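Taking it in order: structure first as C-alpha cells, then the write-up.
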Amino acid sequence: MILDIVKYGHPALRRVGARVAGVTPDIRQFAADLIETMHAAHGVGLAAQQVDRALQMFVIDVREVKGRPSWLERDGQRVAVEAFMPLALINPEVKPLGEPVTGPEGCLSFPEIFADITRPESADVTAWNEKGEIVSFRCGGLLARAIQHEYDHLRGVLYIDRMSGETKRELRSQLETLQAETRAALRRARRA
C-alpha cells in the first residue's frame with residue numbers, strides 16, 4: 001500500500017523513533033509498504049518518520065541511480081549491492097567512517113529541494129532486516145550517504161540541519177514556502 005509522505009513542517013519529521021520490539025507481521029507489512037511508497041515516489045530511501053510513524057526503521061534501494069556508485073562489503077568481501085536491494089533496516093546502528101565528502105542530496109519530504117551535504121564517505125551498519133535476521137555490512141558511495149540520511153531521520157535530524165549557512169540562505173524562500181504550505185494543510189485537516 002502506498003502511504004502518504006509528510007512534508008517539511010510536519011511535526012513527525014522531528015520525532016525520534018521508538019525501537020521496534022520485534023519483527024511481527026505488521027512490521028513486515030509496514031516494511032513492504034515503505035518500499036512500495038519509496039518506489040512510487042522515485043526515491044532511494046524512506047524512513048518511518050516520513051510517513052508519520054515514529055519508529056527506528058527505514059528502507060533503501062539505490063539500484064536505479066546511475067552515475068553515483070555504491071559498494072557493500074560483508075565479512076570483508078565486496079558483494080553485489082543489487083543483491084541486497086531493496087533493503088529494510090530495523091533498529092539500525094550506523095557508524096559513519098572515513099573522510100568527509102560533499103555530494104548532492106534531496107529528500108522526499110522536501111520535494112524539488114536539493115543541496116550539497118557533507119558526510120563521511122562510508123559506514124558500518126548493523127540492523128534487523130524485515131525477516132528479523134541480523135544484517136551487518138560496511139558500505140560506501142551513494143548507499144552510505146542514503147543510509148546516513150535515513151538514519152538521521154530516525155533521530156529527528158533533517159538534511160537541512162547539515163546544510164551550510166550559505167545554502168540555507170539560498171533555499172530560505174523555498175523552505176519557508178514548503179513549511180507554510182504543510183502547516184496550512186495540517187490546520188485544514190484538523191478542522192475537517
Which residues, taken from region 102-116, are hydrophobic (A, V, I, L, M, F, W, C) and over 14 Å from the mean Cα position of the chain (by Cα)? ILE113, PHE114, ALA115
Within region 105-136, residues surrounded by 19 or more Cβ atoms within 10 Å (Cβ to Cβ) and not small (Gly, Ala, Ser) come out as GLU105, CYS107, LEU108, PHE110, ILE117, ARG119, VAL125, TRP128, GLU130
Can you report the number of residues in region 118-165 which are of a type in the set (Gly, Ala, Ser), out of contact with any Leu (no Cβ under 7 Å at 6 or more places or on another chain) and in a strand (DSSP E or B)? 3
Being assigned to a strand (DSSP E or B), among the hydrophobic types (A, V, I, L, M, F, W, C) and touching a residue at least 12 places away in the same chain (Cβ under 8 Å): is that true of ILE90 here? yes
Is it the case that some residue within region 76-83 is without any contact (Cβ under 8 Å) to a residue 60 or more places away in the chain, among the acidic types (Asp, Glu) and on the phi > 0 side of the Ramachandran plot? no
Is there a residue being of a type outside the set (A, V, I, L, M) and within 16 Å of the chain's Cα centre (by Cα) anywhere in region 79-91? yes
Could you please find all residues in region 141-192 being out of contact with any strand residue (DSSP E or B) (no Cβ under 8 Å at 6 or more places or on another chain), closer than 29 Å to VAL62 by Cα and of a type in the set (Val, Ile, Thr)? VAL157, THR182
Does PHE30 meet the test of being of a type outside the set (S, T, N, Q) and part of a strand (DSSP E or B)? no
Any chance VAL23 is under 17 Å from THR126 (Cα atoms), out of contact with any Cys (no Cβ under 9 Å at 6 or more places or on another chain) and part of a loop (DSSP other than H, G, I, E, B): yes
Of the residues that sit in region 141-168 and are touching a Phe, Trp or Tyr at 6+ places or on another chain (Cβ under 8 Å) and more than 15 Å from LEU87 (Cα to Cα), which one is surrounded by the most Cβ atoms within 10 Å (Cβ to Cβ)? HIS153
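Bear in mind these aren't lab numbers, they're just calculated from the coordinates by the rules spelled out. All values reported here derive from a predicted model rather than from experimental measurement. FYI the Cβ positions are ideal-geometry reconstructions off the backbone, even for glycines, and counts take in every protein chain you see.
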